[in-house]
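Let me begin by presenting the structure, written as structure tokens, before commenting on it.
The values are calculated or read from the model by the stated rules, or taken from the named source; none is laboratory data. Keep in mind the model is a prediction, meaning the values are calculated, not measured. Because the Cβ atoms are built from the backbone with ideal geometry, glycine has one as well, and the counts that use them run over all protein chains shown. Surface areas here come from the heavy atoms of the whole protein model, side chains and all, with no ligands, DNA or RNA. Shrake-Rupley method; radii C 1.70, N 1.55, O 1.52, S 1.80 Å.
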Amino acid sequence: MLKKDKSHLQNFDKAIRDEWLETNGLGGWSSSSIIGCNSRRYHGLLVAATKPPTERTLLLSKLDETIVVNDERFELGVNDYGEVISPTGNQFLKTFTRELFPQWVYEVNTGMNDIVGQGIQLKKTIAMIHNENTVVIVYDVIKATKPFTMELLPLVAGRFYHSMNHEGPHMHWDVDFENGQFHNKPDGNLDLYISVPGSTYQHSPRWFKNFNYAVEKYRGQDFTEDLFNHGIFSVTLKKGDSIGIIVSTENTEGRDALKLFAKESLRRQSLLNDQPGDKTIQQLVLAADQFIVKRGDDLKTVIAGYHWFTDWGRDTMISLPGLCLCTGRFEDAKKILAAFAKSVSQGMLPNRYQDNGEAPEYNNVDGTLWYFIAVSKYVQATGDKKFVLGEILPVLKDIIEWHRKGTRYHIHEEADGLLFSGEEGVQLTWMDAKVGDWVVTPRMGKAVEIQALWYNALRIHEALLLLNKEKIEAAGVAKQAETVRSSFQQQFWNEEDNYMYDVIEGDFKDKSLRPNQLFAISLPYPVIDGKQAKAVLKIVEEKLYTPVGLRSLPTNDSRYIGIYGGDALHRDASYHQGTVWSWLLGPYIDGIMYVKGAKGKAEAKKIIEAFTYHLNEGCIGSVSEIFDADAPHHPRGCIAQAWGVAEVLRVMKEYELYGVKKKKVKELSAV
């Protein structure tokens, strides 16, 4: 169980840095800081994905609670108005925990005659319901010396999730309220239902102005917003009561929040069946579930990161083995591979799908090559030759042919067998930061990891051709792969510095010390071995390794930036210029196991153990996208990143880097 106690929660400056996230398998979410003070434009109690996994609308920003006993009012909410924090309900927080769900315990001393801890103790649990734009909030009254009233103040945004809301005539004020159900269309289009069983409702429409979002301010974005309140719910509670509240885009009439919550609890518990009993594995399996979402009616995809990414080809293919194959979600993996196969164009997977039905972007070179590795690991895990050979192999053949003859952005095989990619003003590798026309790390030419991926794509293609009894074609591909391997070994070794060049373009050889060279030893078909492999691993360990991932440049590089922050220009300028990336722990451990074999397991296990503290910071229970390159390596970027979760989970499972190995886990408590 991941936990924060009251000493942390009642310290606003510390607690505001930690966040929680619930998702629904559609691309929507519920999220805030662990004290309920929204610090991002993306924080909201209900963010609905209306065209899964895109077109997200932030409907309900908050639902602030007030406990009323006689004439005393105890406000449990927390809001940042810039110069003042009001109310300061975090002072009533006793614990925050994250197991199956985020959960809070509030403790309120309701009068001078109350013994400390004997007033009101209220437990709150938030759950997003799978495959619905629905949030359930469960309140359990653990202690209460007398009955009390709980008031609920809904603060509505009703906007596109990237936007900000400000006072104006656009907000629809009219409300229907009957039998405890509130209904409104804040933006005039999308329904918002709030069900509070046994409640009364007082309609008093008004604006609450100038909410400050501290993270947006830090990131150099607009950071103030106005939110609208239609009225207040009131409900009477006593010791032993449990009340379930539903917030949804669907009519809640006849729906029981506690039954919805119980069903979702069972679904999440089932994810842990047949998993090792290791607590880190369990948390990562639950975190992995948050990224696998619907695309359309029948297919699946992977959200690259919350809160602002949709599905990206590169991230999806890197993440698929950890998110799906290591968790036994083979059908989801199949649907993801099928979804991207349908979107291949000129031999390329989409780099990313966009909101609002816009055409996919294809500006990447590596995502398509990672697809081969995902397919290979899928068939190894499932034995599903019929699907792979029948539906996917023809797509792979087409991809290889396009790469040989040339496709977008000058991506093509050269005479030496290596893969060239790039043109001015375009970023094609995973180091893809761009500000206006400035490509921060252009890497045009022959990038080191692209050659390793190209070699692996060819070897995997060869293996699948043999599996399909196409021996002549396989022999031709094998010959091509050997040419790639030979050319790579001849051209990429930097004798002077004893590591690999990062990019080669004509006579130019980029000596930048980056983690990209790891892929020469971490992929299923390594391109180097022996002393060179050992040297690569050694310099990465000495210059790039941190407990939370690998730096993208060493500290002694003149371009190194130790802190990731500021406006978009400063953030993007540092994105791959020192900033630590969590997902690179996966290939780093792969490299250790390749070079050191069984002897490397103890070292790999220590790396995981050194990392696990992070699960109890940032987005509690998940893995951040990036970290400051300088200690103490504060988490930055997306609060929950698919490939960060996936790669740590993958290597833990593949190399058994955990202690408890029993097949059935002890059931986690749902509430």
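Summary of computed values
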read-out	value
The range 382-401 - residue that is open to solvent by 10 Å² or more (accessible area, probe 1.4 Å) and touching a residue at least 60 places away in the same chain (Cβ under 8 Å) and, of those, farthest from His461 (Cα to Cα)	Lys385
Residue list for the range 276-317, filter: of a type in the set (Asp, Glu) and under 12 Å from the mean Cα position of the chain (by Cα)	Asp289, Asp311, Asp315
Index of the failed condition, Ile411 passing every other in (1) under 20 Å from Lys509 (Cβ atoms); (2) modelled with pLDDT of 95 or more; (3) open to solvent by less than 60 Å² (accessible area, probe 1.4 Å); (4) not charged (D, E, K, R)	(1)
Per-region count, the range 499-510, residues part of a loop (DSSP other than H, G, I, E, B) and touching a strand residue (DSSP E or B) at 6+ places or on another chain (Cβ under 6 Å)	2
Unmet criterion (only one of (1) open to solvent by 20 Å² or more (accessible area, probe 1.4 Å); (2) more than 30 Å from Lys294 (Cα to Cα); (3) in contact with a Leu (Cβ under 9 Å, 6 or more places away or on another chain); (4) of a type in the set (A, V, I, L, M, F, W, C)) for Phe160	(2)
Test for Asp590: is it surrounded by 19 or more Cβ atoms within 10 Å (Cβ to Cβ), over 24 Å from Ile373 (Cα atoms) and of a type in the set (Asp, Glu)	no
Every residue from the range 203-225 that is under 18 Å from Leu192 (Cα atoms) and not hydrophobic (A, V, I, L, M, F, W, C)	His203, Ser204, Pro205, Arg206
Residue among Leu466, Leu453 that is open to solvent by 60 Å² or more (accessible area, probe 1.4 Å) and among the aliphatic types (A, V, I, L, M)	Leu466
Given (1) crowded, with 19+ Cβ neighbours inside 10 Å; (2) part of a helix (DSSP H, G or I), number of the condition Ser270 does not satisfy	(1)
Check on Phe96, open to solvent by 40 Å² or more (accessible area, probe 1.4 Å), closer than 17 Å to Asn11 by Cα and either free of Cβ contacts under 8 Å to residues at least 12 places away in the same chain or among the aromatic types (Phe, Trp, Tyr) (or both)	no
Qualifying residue in the range 144-152 (condition: touching a residue at least 24 places away in the same chain (Cβ under 8 Å), exposed (fewer than 15 other Cβ atoms within 10 Å of the Cβ) and not hydrophobic (A, V, I, L, M, F, W, C))	yes
Tally, over the range 526-550, of residues that are open to solvent by less than 20 Å² (accessible area, probe 1.4 Å) and assigned to a helix (DSSP H, G or I)	5
Members of the range 176-190 that are touching a Pro at 6+ places or on another chain (Cβ under 8 Å) and either farther than 19 Å from Ser204 by Cβ or not in a strand (DSSP E or B) (or both)	Gly180
Pairs where the first residue, in the range 157-174, is small (Gly, Ala, Ser) and the second is modelled with pLDDT under 95 and assigned to a loop (DSSP other than H, G, I, E, B), C-beta under 7 Å, 6+ apart	Gly158/Met171; Gly158/Pro186; Gly158/Asp187
Qualifying position, being touching a residue at least 12 places away in the same chain (Cβ under 8 Å), farther than 22 Å from Gly445 by Cβ, in contact with a helix residue (DSSP H, G or I) (Cβ under 8 Å, 6 or more places away or on another chain) and buried (at least 19 other Cβ atoms within 10 Å of the Cβ), among Leu513, Leu615, Leu523	Leu615
Residues within the range 9-35 that are in contact (Cβ under 8 Å) with a residue 60 or more places away in the chain and open to solvent by 20 Å² or more (accessible area, probe 1.4 Å), tallied	4
Pairs where the first residue, in the range 473-492, is open to solvent by less than 50 Å² (accessible area, probe 1.4 Å) and the second is part of a helix (DSSP H, G or I) and among the aromatic types (Phe, Trp, Tyr), C-beta under 8 Å, 6+ apart	Ala481/Tyr455; Val484/Trp454; Val484/Tyr455; Phe488/Tyr455
Number of the exception - Tyr455 against (1) assigned to a helix (DSSP H, G or I); (2) within 15 Å of Arg314 (Cβ to Cβ)	(2)
Residue ID - farthest from Gly44 (Cα to Cα), chosen from residues in the range 191-233 that are hydroxyl-bearing (Ser, Thr, Tyr) and assigned to a loop (DSSP other than H, G, I, E, B)	Ser199
In the range 163-184, the residues that are surrounded by fewer than 17 Cβ atoms within 10 Å (Cβ to Cβ) and either over 33 Å from the mean Cα position of the chain (by Cα) or modelled with pLDDT of 95 or more (or both)	Ser163, His166, Glu167, Gly168, Pro169, Trp173, Asp174, Val175, Asp176, Glu178, Asn179
Evaluation of Lys405 against (1) open to solvent by 10 Å² or more (accessible area, probe 1.4 Å); (2) over 22 Å from Leu349 (Cβ atoms) (one fails), failing number	(2)
Boolean, Leu325 is among the aliphatic types (A, V, I, L, M) and open to solvent by 20 Å² or more (accessible area, probe 1.4 Å)	yes
Residue check, Gly188 within 30 Å of Phe12 (Cβ to Cβ), open to solvent by 20 Å² or more (accessible area, probe 1.4 Å) and at pLDDT below 95	no
Whichever residue in the range 551-581 is of a type in the set (A, V, I, L, M) and assigned to a loop (DSSP other than H, G, I, E, B) and, among such residues, is surrounded by the fewest Cβ atoms within 10 Å (Cβ to Cβ)	Ile563
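For every residue, the table says whether it meets (1) in contact (Cβ under 8 Å) with a residue 12 or more places away in the chain; (2) assigned to a helix (DSSP H, G or I); (3) surrounded by fewer than 20 Cβ atoms within 10 Å (Cβ to Cβ).
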site: Glu250; (1), (2), (3): yes, no, yes
site: Glu253; (1), (2), (3): yes, no, yes
site: Lys259; (1), (2), (3): no, yes, yes
site: Glu264; (1), (2), (3): yes, yes, no
site: Pro276; (1), (2), (3): yes, no, no
site: Leu284; (1), (2), (3): yes, yes, no
site: Ala287; (1), (2), (3): yes, yes, no
site: Trp308; (1), (2), (3): yes, no, yes
